[in-house]
Amino acid sequence: MKYEIIVKKYHKTSTEIKKHLLRLENAFKRLAENSSFPLTSDQVERLLADETTVAILDQIVYRFSKLQDSLGKILRLFLSLKGENVENLTMIDVINLAQKRGIDINAESWFELRELRNILTHEYEDECEEIANVLNTIYQKIGYFHHLFSQLEIE
């Protein structure tokens with residue numbers, strides 16, 4: 001792929017990540033107006049009974065999912081811009097290559113994020129304890145998402 005095309009895709013993905021991070025943070029701020037962190041299963045049950053907070057929870061699920069997709073894209077683009085051929089690599093190979101280049105990510109942390117995403121997107125509303133644990137973990141990892149993204153920024 002041509003360098004200019006990769007740069008263009010990189011900047012587009014970077015903009016998407018910034019948008020997802022901002023909206024994810026805003027959704028958590030709005031959620032914090034109705035609850036305190038760490039969330040409990042009782043709080044999640046109460047949140048799920050209110051359509052306004054359900055919309056906030058849906059926003060968190062959507063933005064977290066999109067954020068992870070975008071982080072996977074930008075990892076590939078970043079490595080391509082650094083001269084690596086990642087076109088045919090699996091995501092685990094991309095993660096390992098990024099880690100070798102000093103990016104603060106590893107297969108375990110990536111798969112933990114995938115698992116959180118899978119739990120959220122397939123969770124049923126009667127599993128409030130599981131939902132609370134996942135939301136608390138994502139909330140705690142927002143700083144990590146900023147850190148990871150900052151490591152992937154190019155001039």
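The values are calculated or read from the model by the stated rules, or taken from the named source; none is laboratory data. No experiment lies behind these values; they were computed from the predicted model shown. Glycine gets a Cβ as well: all are built from the backbone with ideal geometry, and neighbour counts include every protein chain shown. Side chains included, ligands, DNA and RNA excluded: accessible areas come from the protein's heavy atoms. Shrake-Rupley method; radii C 1.70, N 1.55, O 1.52, S 1.80 Å.
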Rounded to the nearest whole Å², what accessible area per residue is found for the chain with the 1.4 Å probe? 56
For the chain, what does the equivalent ellipsoid look like in terms of its semi-axes, each the square root of 5 times an eigenvalue of the Cα gyration tensor, given largest first in whole Å? 32, 15, 12
Cut-off 19 Å (backbone N to label point 7 Å along Cα→Cβ of residue 2), residues of segment 60-83: 77-78, 80-83
In debye to the nearest 20, how big a dipole does the chain give about its Cα centre with +1 on each Lys and Arg Cβ and -1 on each Asp and Glu Cβ? 1120
Calculate the spin-label point distance for residue 114 paired with residue 25, positioning each point 7 Å from the Cα along the beta-carbon direction, and give it in nanometres. 2.8
Points 7 angstrom from Cα along the Cβ direction at residue 146 and residue 48: gap in nanometres? 3.1
Relative to the longest principal axis of the C-alpha atoms of the chain, give the angle of the C-alpha long axis of helix 51-81, reported between 0 and 90° and rounded to the nearest 10°. 10
Peptides 34-40, 132-138 ordered by average Cβ neighbours within 10 Å, highest first: 132-138, 34-40
Given charges at Cβ of Lys, Arg, Asp, Glu: segment 22-130 dipole, positive-most of 99, 61, 81: 81
Expected sort for 50-56, 85-91 on mean C-beta neighbours within 10 Å, highest first, is 50-56, 85-91
How much length is gained on full extension from residue 90 to residue 136, taking 0.36 nm per residue of separation minus their Cα-Cα distance? 13.6 nm
Helix 107-122 versus the longest principal axis of the chain: what is the Cα-based angle in degrees, 0 to 90, to the nearest 10? 40
³J(HN,Hα) across segment 22-33 via Karplus (A = 6.51, B = -1.76, C = 1.60, θ = phi - 60°), whole Hz, x for Gly/Pro? 4, 6, 5, 4, 5, 5, 5, 4, 5, 5, 5, 5
